[in-house]
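Quick notes on the structure that follows.
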Amino acid sequence: MYGKLAMGMAALFAAWLSAAPAQADGPGAPPYAYTNRLAYSAGYFETRPAEQIARDAAAADAAEAGCAAADMAACTALGEAFLQGTGRPLNRPVAELVLRRACNGAEGGGCYLLAELLGGAFDTDAARAEELVFTARACVLGSSDGCLKQAGHIESGFYEGLGRADAMALRRDACARGMSPVCVDLGGRLAESDGDPASRAEGRGLLDRLCEAGNADACVALAWWLGRSTDSPADTARAAALLDRQCRAGDARSCNIAAGKVRDSAGPADPRFAEYHGLGCIAGDTMACLFAGRAAGRSGEAGRLAAAGFYDRACPDYPSACATAADLRAAPAVGAACEAGDQRACVTLGTWMAEDEGPFEDQPRAAALLGKACDVGEIAGCLPAGRLLIEAPGSETDSETAIRIDAYLSRACAAGVGEACITLATALGEGKVLAQDIPRALALTAESCDAGDRAACDEIAMREEDDPAVPVVLATNLTPPDALPEAIGAAQMMAVQAEVDDFRRRTCTTSAVVWEGVEYADGACLGISQAIGGFTVNRVELAPFQALLWRPEVLGQQRIGYRAACGGSVVATGWIITAAHCTYDLGVRIEEHDYRIRLGVIRPDAPEGNTYPILKVIRHPDFSPATFQFDIALVQYDPARGTRGDFGFGARRITVDRRSPQERPVRAKAPVYAFGWGRQALDDPAPAKVLQGVRLELEDAATCTGRTAYRDWRKDSVLCAMGPKREQACTGDSGGPLVTYEDRQGVPTLIGVVSSGEQCSTTGIPSRYIRIGHPAVQQWLRDNLPGFRQGAPQTQAR
């Protein structure tokens, strides 16, 4: 926490205006001594094409020449180049000196970047004080970022005697000086004053004027607030008109929001849904290109050329879109070959048509094409034909369909297609679409296990505990008896160390830069485990309530690389709690695709624990993706259709908090714990390989409220927490538990859900957790979680 300065508002402004440079910027000026831990995400570590690297170097050359000619804006650009390692070596001491020169030369952007550098790098009183001074100076010199950050400092209690009213006064002053980003922020804050009609009207009026003046951010914010008014058709209509106008003017955000509102009100079949995504694609939103491509592809032959164009636009960010574009262009030839009797072409065409959410989707025709191919001996068509018939409406009551399913899957299984054997065994075991035949199902499963199918072995292992008639399968994955635990452990440590060494080679840099006759050396690493900064949870028993939201292997035509989407907490048999934003993943609703819930998992990439299909998602009705308010959801999974992993299943449910904020007041620095598989370094999008835990400390309620600005009915709906060394949750931890062990010895209680944060552990701003004990969350749980109204939830409602 920054030190607090006791001064009044007038004195504060006077101090800002008269703030003298903290130190000289000439030759030999001593910058701070930086550690090798980089406290921000630098462009140096991002993958950049050669053309971009060349442009960065040219821009830095021009900035250096301008700075030498006393152009302070150029000094800011040069300082940022050293700060980011783009166009210049990453060297923080030189960046600091150049940015001090820019700030001393009255360049607000330089002051702001200098404050960001010092505030993130050092935990000392001197650096904190300088960060406050430079942030304030940036604001006075016209930096919108500086003013926004300074207002946040005031609201967070960094200055004694100053509070929200002073922060709002600062925003008003900055807005009056023409800083439009601050005006938009001010308008949004005033517009959300639910208990103050005058402020709400003022905020919306401000956003309205900015929007009419051409400020796209203001238009989006205004549309958002107008769209919240469910009792005013006029506001709703105006919000839609604003989004439509901005979308057609090339604002991709407006297109995305407009498409979402059409989907929610009229459904994705409404032509406006595809139209807005098409406009969003043209405006540069590659995810919108995927939606637009799907819609165009389904409009017949005439639309496929347009669909290919949309997928071409998505290709840079979604490599699988390149293949889809090629498929669309090849479709006429493939279709003609199929019509001429080429069964391989028919399998190709049928596979395209079988794909959910794809541009060719036509599953009845796909089943017919694939089934016919299987009938004439094209084995590649047999498994997908059988699966399509299993999923087809009415398959459970149609005896003729059952005969075809059995025939298709049996042919593929006999040909060595392991997945067909498992699919057939599952159907025989369930007894829904095929007559139940447990002995045949187990025999097929055992054969598949002997052939190396791990899922089949899992099924046998689960059943053999209770059924002595289960076939004996081949023993696999055994450790040689002469391999001592110490030797195994040493080998594992060597492998881990090799991975760490490789990571450091990829995420560390050193430089020595001569600046005005003095050489400054710097070495910076994106630290391993800085984002979590905690400990490894190497046994299920340490966090048996942890759940994992697991992505499908293929989503549409995109093969998923990182399948760990989010965390969650088991709160009843058949139910987990997670974050609502996790249920909108990769542009889709998870309940509409083959997402799964995994329990009893420590290493997601290993076949551990049990995996279950999702039945239903219940999001909190007040969840806002814009603000992350009430970012919480229930996910119901099907225990009857779970699959078991290789290793022992040790999942347990967690006690759900029932205490209100009054009954459980926040005690500053109270210990709490979070768990997850989130990123462990900002430059690496991969999730942790092993479940991580972190010990955090709660922030006091007043400071947390200052961060959220929730002072209406949403007050106390968020908990803020961070470790003493800035440890906190990071991307990928979302939805996971925030736990206290203080209620009863040895019994953890779920008090929060990982929701949002700012660049993990780099900013010093605590992560936010949705508070389980808030009345609006408690009522929602009583209405939706079976058993919660009466007592501890235990069983699934069927």
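The values are calculated or read from the model by the stated rules, or taken from the named source; none is laboratory data. Model, not experiment: these values are computed from the prediction. Cβ placement follows ideal geometry from the backbone for every residue including glycine, while neighbour counts extend to all protein chains displayed. Calculation scope for accessible area: heavy atoms of the full protein, side chains included, ligands and nucleic acids excluded. Shrake-Rupley method; radii C 1.70, N 1.55, O 1.52, S 1.80 Å.
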| note | Flagged in segment 516-543 as of a type outside the set (F, W, Y) and modelled with pLDDT of 80 or more, in numbering order, are E516, G517, V518, E519, A521, D522, G523, A543
| field | Residues of segment 179-219 satisfying the condition of being more than 24 Å from W713 (Cα to Cα), part of a loop (DSSP other than H, G, I, E, B) and without any contact (Cβ under 8 Å) to a residue 12 or more places away in the chain | value | A213, G214
| query | Any idea which residue in segment 538-578 is least open to solvent (accessible area, probe 1.4 Å), counting only those that are hydroxyl-bearing (S, T, Y) and assigned to a loop (DSSP other than H, G, I, E, B)? | reply | T573
| task | From the list A701, A721, pick out the single residue that is open to solvent by 20 Å² or more (accessible area, probe 1.4 Å), over 14 Å from A543 (Cβ atoms) and at pLDDT 90 or above. | result | A701
| query | Is one or more of the residues making up segment 339-346 polar (S, T, N, Q), within 30 Å of I405 (Cβ to Cβ) and over 26 Å from the mean Cα position of the chain (by Cα)? | reply | yes
| Within segment 405-418, can you find the residues that are touching a helix residue (DSSP H, G or I) at 6+ places or on another chain (Cβ under 6 Å) and part of a helix (DSSP H, G or I)? | I405, Y408, L409, R411, A412, C413, G418
| remark: Of those in segment 231-247 that are of a type in the set (S, T, N, Q) and part of a helix (DSSP H, G or I), the residue nearest to L210 (Cα to Cα) is Q246
| request: Of the numbered conditions (1) under 30 Å from P766 (Cβ atoms); (2) open to solvent by 30 Å² or more (accessible area, probe 1.4 Å), K616 fails exactly one; give the number of that condition. | output: (1)
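Residue-by-condition table, conditions (1) over 27 Å from L719 (Cα atoms); (2) among the β-branched types (V, I, T); (3) open to solvent by 20 Å² or more (accessible area, probe 1.4 Å); (4) at pLDDT below 95:
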| site | (1), (2), (3), (4) |
| --- | --- |
| V601 | no, yes, no, yes |
| D605 | yes, no, yes, yes |
| D622 | no, no, yes, yes |
| A633 | no, no, no, no |
| D638 | yes, no, no, yes |
| R644 | yes, no, yes, yes |
| G648 | yes, no, yes, yes |
| V656 | no, yes, no, yes |
| R659 | no, no, yes, yes |
| Mind checking whether some residue in segment 250-265 is open to solvent by less than 40 Å² (accessible area, probe 1.4 Å), in a helix (DSSP H, G or I) and among the basic types (K, R)? | no
| field | Search result, residues across segment 266-280 that are under 23 Å from R313 (Cα atoms), open to solvent by 50 Å² or more (accessible area, probe 1.4 Å) and part of a helix (DSSP H, G or I) | value | P271, R272, E275
